[in-house]
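Structure, as structure tokens:
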Amino acid sequence: HFKMDFITPYQLGYKSVMVNISDVCASGAEPKYLTISLSLPNSVDENFVKEFYEGAKKASDNVQIVGGDITGSDKIYISVTA
């Protein structure tokens with residue numbers, strides 16, 4: 001849940017990853033890997049993607065991003081799996 005008026009792509013990437021890592025840790029497990037899938041409208045440029053992944057990498061520290069997908073859509077959709 002986010003509005004792009006109130007969050008940067010970097011912050012969005014960080015938050016998206018941290019929420020998933022937090023859920024795994026709260027269950028007593030240790031996260032090792034992440035996949036990130038983005039669905040983006042044509043209005044989103046490569047700078048958004050670059051900044052998003054910079055935030056995601058910062059949040060993932062000891063958790064490796066191993067894959068995902070980028071597709072087109074009418075809105076921004078984010079799916080992270082830890």
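Just name one of Q11, G55, A29: the one whose Cα is farthest towards the positive end of the charge dipole of the stretch 1-57 (beta-carbon charges, Lys/Arg +1, Asp/Glu -1).
Farthest towards the positive end: A29.
Leaving ligands, DNA and RNA out of it, report the carbon-plus-sulfur percent of the accessible area of the chain at a 1.4 Å probe.
49 percent
How far is helix 46-60 tilted off the main Cα axis of the chain, in degrees rounded to 10, range 0 to 90?
Relative to the chain, helix 46-60 is tipped by roughly 10 degrees.
If you count only protein heavy atoms with a 1.4 Å probe, what accessible area per residue comes out for the chain, rounded to a whole Å²?
With the other protein chains kept in place, the chain gives 66 Å² per residue.
Calculate how large, on average over all directions, the projected area of the Cα convex hull of the chain is; give the answer in nm² to one decimal.
5.1 nm²
Kindly count the pairs of lysines across the chain whose alpha carbons are less than 15 Å apart, treating pairs on different chains or eight or more residues apart as eligible.
For the chain, the number of qualifying lysine pairs is 7.
Rounding to the nearest 10 and keeping the result within 0 to 90°, find how far the Cα-based axis of helix 9-26 lies from the longest principal axis of the chain.
The two axes meet at around 30 degrees.
Compute the longest continuous run of the chain that contains no exposed chymotrypsin sites (Phe, Trp or Tyr not before Pro); treat a site as exposed when its DSSP state is not H, G, I, E or B and it has at most 16 other Cβ atoms within 10 Å.
The longest uninterrupted stretch comes out as 7-82.
Any idea what the dipole of the chain comes to, in debye rounded to 20, about its Cα centre with Lys/Arg Cβ at +1 and Asp/Glu Cβ at -1?
For this selection, approximately 120 debye.
For the chain, what does the helix formula give at 222 nm: sum of -39500 (n - 2.57) over DSSP H segments with n ≥ 4, over the residue count, nearest 500 deg cm²/dmol?
The helix-only estimate for the chain comes to -13500 deg cm²/dmol at 222 nm.
Determine the relative contact order of the chain: mean sequence separation of Cα pairs under 8 Å and six or more apart, normalised by residue count, in whole percent.
Relative CO of the chain lands at 46 percent.
The values are calculated or read from the model by the stated rules, or taken from the named source; none is laboratory data. Everything quoted here is computed from the prediction, not taken from an experiment. Because the Cβ atoms are built from the backbone with ideal geometry, glycine has one as well, and the counts that use them run over all protein chains shown. Heads up: the accessible areas ignore ligands, DNA and RNA and are worked out on the full protein's heavy atoms, side chains in. Shrake-Rupley method; radii C 1.70, N 1.55, O 1.52, S 1.80 Å.
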